[in-house]
1. I'd like to check which strands (runs of 3 or more DSSP E) are fully inside segment B:197-297 and have at least 1 residues that are over 18 Å from residue B:79 (Cα atoms) and away from the ligand (no atom under 16 Å from the Cβ).
2. Determine whether segment B:350-357 contains at least one residue that is within 12 Å of the ligand (Cβ to nearest atom) and in contact with a strand residue (DSSP E or B) (Cβ under 8 Å, 6 or more places away or on another chain).
3. If residue B:99 satisfies all but one of (1) more than 14 Å from chain A (Cβ to nearest Cβ); (2) away from the ligand (no atom under 11 Å from the Cβ); (3) more than 18 Å from the chain's Cα centre (by Cα); (4) at pLDDT 95 or above, what's the number of the condition it fails?
4. Residues B:122, B:152, B:159: which one is touching a residue at least 60 places away in the same chain (Cβ under 8 Å) and near the ligand (Cβ under 10 Å from one of its atoms)?
5. Quick one: in segment B:369-409, which of the residues that are over 29 Å from residue B:309 (Cα atoms) and under 20 Å from the mean Cα position of the chain (by Cα) is farthest from the ligand (Cβ to nearest atom)?
6. For residue B:286, are the conditions met, namely being at positive phi and more than 10 Å from chain A (Cβ to nearest Cβ)?
7. Can you name every one of the strands (runs of 3 or more DSSP E) wholly within segment B:96-149 that holds 1 or more residues which are closer than 30 Å to residue B:257 by Cβ and touching a helix residue (DSSP H, G or I) at 6+ places or on another chain (Cβ under 6 Å)?
Ligand SMILES: Cc1cc2nc3c(=O)[nH]c(=O)nc-3n(C[C@H](O)[C@H](O)[C@H](O)COP(=O)(O)OP(=O)(O)OC[C@H]3O[C@@H](n4cnc5c(N)ncnc54)[C@H](O)[C@@H]3O)c2cc1C
C-alpha cells in the first residue's frame with residue numbers, strides 16, 4: 001500500500017509538471033465531430049457536455065435508420081456499438 | 001456515480017503511469033525542455049494542428065510558420081465569384097491563434113534539414129524541431145498545361161487559391177456580355193476539392209440565369225465522372241436547364257493547350273473561343289514538401305495513416321491537401337480531421353508510446369444554388385497504408401430528396417463554415 005501511495009504521489013507531481021492528457025484523448029472518430037458541432041453552432045446541434053446515454057442512443061438510432069437525418073445517418077454507420085459508446089462517453093466529458 | 005468515480009480514478013492512474021513512463025523513456029533534453037513542434041502552413045490543416053497540439057499538451061513548444069498575415073479561405077469562395085458573398089467573409093487572421101501560446105512566424109519556410117531537424121526561414125533564421133508538420137496545401141502546376149503559366153493566370157484565372165484570383169474571376173464574369181460563353185477547365189484526379197468545379201459551375205449558372213440568361217457555361221473535363229455527379233446533373237436540369245454543358249474526357253473534354261492572348265482552349269477535337277476562361281490546372285503538394293523530400297513521383301506525399309508521418313522522412317508529418325490520403329478527399333474538413341489525428345499521434349509519439357489506429361470523418365457540402373445544398377460524407381480508417389472507406393458508411397445525399405432537405409443542407413453547409421472557421425481561427 002505504501003508503495004502504491006508513493007508511486008501515486010510521484011505520478012501526481014509528474015502529472016502536474018508535464019501535463020499528460022492521455023486519459024482525455026478522444027476515442028477513434030471523436031476528434032472529427034468538432035468540424036461541424038460546437039457549443040455556439042445554431043443550425044447544427046451542440047453535442048458537448050451532454051448526457052452520454054442520450055448521445056449514445058441518438059447515434060445508435062442514426063445508425064439503424066430509425067431516426068432520420070441528412071448526414072448523420074451516413075456517418076453513424078461507420079462506427080460499431082462499442083465505438084459509439086466511447087464517443088458518447090468522451091463527448092459527455094467535453095465542454 | 002460510483003461507476004464514474006471508478007473510471008476517472010482508473011484514468012488518473014493510467015495518466016500517472018503514462019507520465020512516469022514518458023519521464024523514464026524521455027531523453028534528458030526532452031525532459032528538461034518542452035518538445036518542439038514546428039507546423040508549416042497556416043491553413044485549415046496547419047492552424048488546426050497547431051491548436052490541437054497545444055490543447056492536448058499545453059507544455060509543448062509549438063511554432064506556426066505561415067506565409068501571410070491573412071488567410072483567405074476557399075470554401076464558399078464560389079459564392080464570391082457568383083456575386084452572392086463578400087470576400088471579407090473569407091478572410092481570417094492569426095491573432096487569436098497567437099494569443100493561445102502558439103508562436104507565430106509570418107514568413108516563408110524555405111529549407112528543411114531532416115538530419116539536423118531544422119527549418120530555414122526567408123529571413124535567414126532557423127527553427128529547430130523534434131517533430132515537423134507540413135500542411136502547405138497545393139501548388140498549381142504551371143508546367144503541366146501548354147500555354148498556362150503564371151502570366152496566363154492573370155488572363156485566365158484559376159481561382160483555386162482564394163484571394164485576388166477569386167476577385168479577378170468575379171470581375172470577368174461581371175464584365176461578360178449577356179450571351180457570352182464561360183468555360184471551366186477541370187483537371188484529372190487528384191486535385192483540391194473534387195466537387196468544387198461543379199459547385200462553381202452551379203453558382204455561376206445561378207448568376208447567369210438571373211442576370212445574363214442568354215449566356216452559356218461549358219465544363220471541359222479531363223475526367224469521365226465526378227463527385228456527386230448524379231446530384232449535380234439532376235439539379236442542373238431542374239434549376240438551369242440548357243445552361244450548363246458538361247463535356248467529359250471521352251467526349252473530347254480534355255484541354256490540351258490554351259492561348260491566353262485570344263482566350264482559346266484547345267482539345268483534341270475542337271477549339272473553344274470563350275469570353276471567360278476559368279482554367280483549373282493540375283496540382284501538386286506545396287513546394288516545401290518537395291524541398292523536405294517527402295513527395296513521391298506523383299508530386300504528393302505518402303504517409304502512414306495512423307500518424308500522418310511521412311513514409312519517406314522520419315519526424316515529418318504531412319496533412320491536408322499535400323498528403324496522399326487514399327479515399328479521403330482533399331478538403332478543408334479532411335485537413336482539419338487529419339490535423340487533430342496528427343496532433344494526437346505526435347503527443348503520443350513524444351511520450352514514447354505508439355499511436356493507435358484512428359477513425360476520421362469527412363463531410364463536404366456543395367451549394368447548387370444559395371438555398372440548395374448537397375453533401376458527400378465518408379468515414380475512414382487506415383488500411384494498407386492509406387485511409388480506406390469504411391464500407392456501408394458515408395455516401396451522398398439521396399437523389400430524390402424534397403427541396404426542404406436541400407434547403408436544410410444549405411443551412412448546414414453555412415453552419416459548418418462558421419464552426420470550422422471559429423475552431424481553426426476564432
Ligand atoms: C473553390 C473551392 C471551394 C472549396 N470548398 C470546400 C468546401 O466546401 N469544403 C471543404 O471541406 N473544402 C473545400 N475546399 C478545399 C479546401 O480549401 C482545401 O482542401 C484546404 O484549404 C486544404 O487545407 P491545407 O491546410 O492543406 O492547405 P491551405 O488551406 O491551402 O493552407 C496552406 C497554407 O500554407 C501556406 N504555405 C505554403 N507553403 C508555405 C511555406 N513554405 N512557408 C509558409 N507558409 C506556407 C500557404 O500560404 C497557406 O496559407 C475548396 C477549395 C476550393 C478551391
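1. Numbers: elements: B:216-221, B:244-247, B:255-259, B:264-267, B:271-273, B:276-279, B:283-285.
Counting at least 1 such residues, we get B:216-221, B:244-247, B:255-259, B:264-267, B:271-273.
2. First, pick out the residues of segment B:350-357 that are within 12 Å of the ligand (Cβ to nearest atom): none.
Scanning segment B:350-357 turns up no residue that is within 12 Å of the ligand (Cβ to nearest atom) and in contact with a strand residue (DSSP E or B) (Cβ under 8 Å, 6 or more places away or on another chain).
3. Single failed check for residue B:99: (4).
4. Numbers: B:122 fails: touching a residue at least 60 places away in the same chain (Cβ under 8 Å); B:152 fails: near the ligand (Cβ under 10 Å from one of its atoms).
None of the others qualify; the one that does is B:159.
5. Residues of segment B:369-409 over 29 Å from residue B:309 (Cα atoms): B:369-375, B:396-409.
Subset that is under 20 Å from the mean Cα position of the chain (by Cα): B:373-375, B:396.
On the way: B:373: 10, B:374: 11, B:375: 10, B:396: 14 Å.
Restricting to residues being over 29 Å from residue B:309 (Cα atoms) and under 20 Å from the mean Cα position of the chain (by Cα), the top hit is B:396.
6. On the way: at positive phi: no; more than 10 Å from chain A (Cβ to nearest Cβ): yes.
The answer is no for residue B:286.
7. Working: elements: B:103-106, B:109-113, B:118-121, B:126-128, B:131-134, B:138-140.
Hits in segment B:96-149: B:138-140.
Residues are listed down the side, and each one gets a yes or a no for (1) at pLDDT below 95; (2) at the interface with chain A (Cβ under 7 Å from one of its Cβ atoms); (3) not in a helix (DSSP H, G or I):
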| site | (1), (2), (3) |
| --- | --- |
| B:367 | no, no, yes |
| B:374 | no, no, yes |
| B:377 | no, yes, yes |
| B:391 | no, no, yes |
| B:401 | no, no, yes |
| B:406 | no, no, no |
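The values are calculated or read from the model by the stated rules, or taken from the named source; none is laboratory data. Note that the coordinates shown come from a computational prediction; the quantities given were computed from them, not determined experimentally. Every residue, glycine as well, gets a Cβ built from its backbone with ideal geometry; the counts of neighbours run over all protein chains shown.
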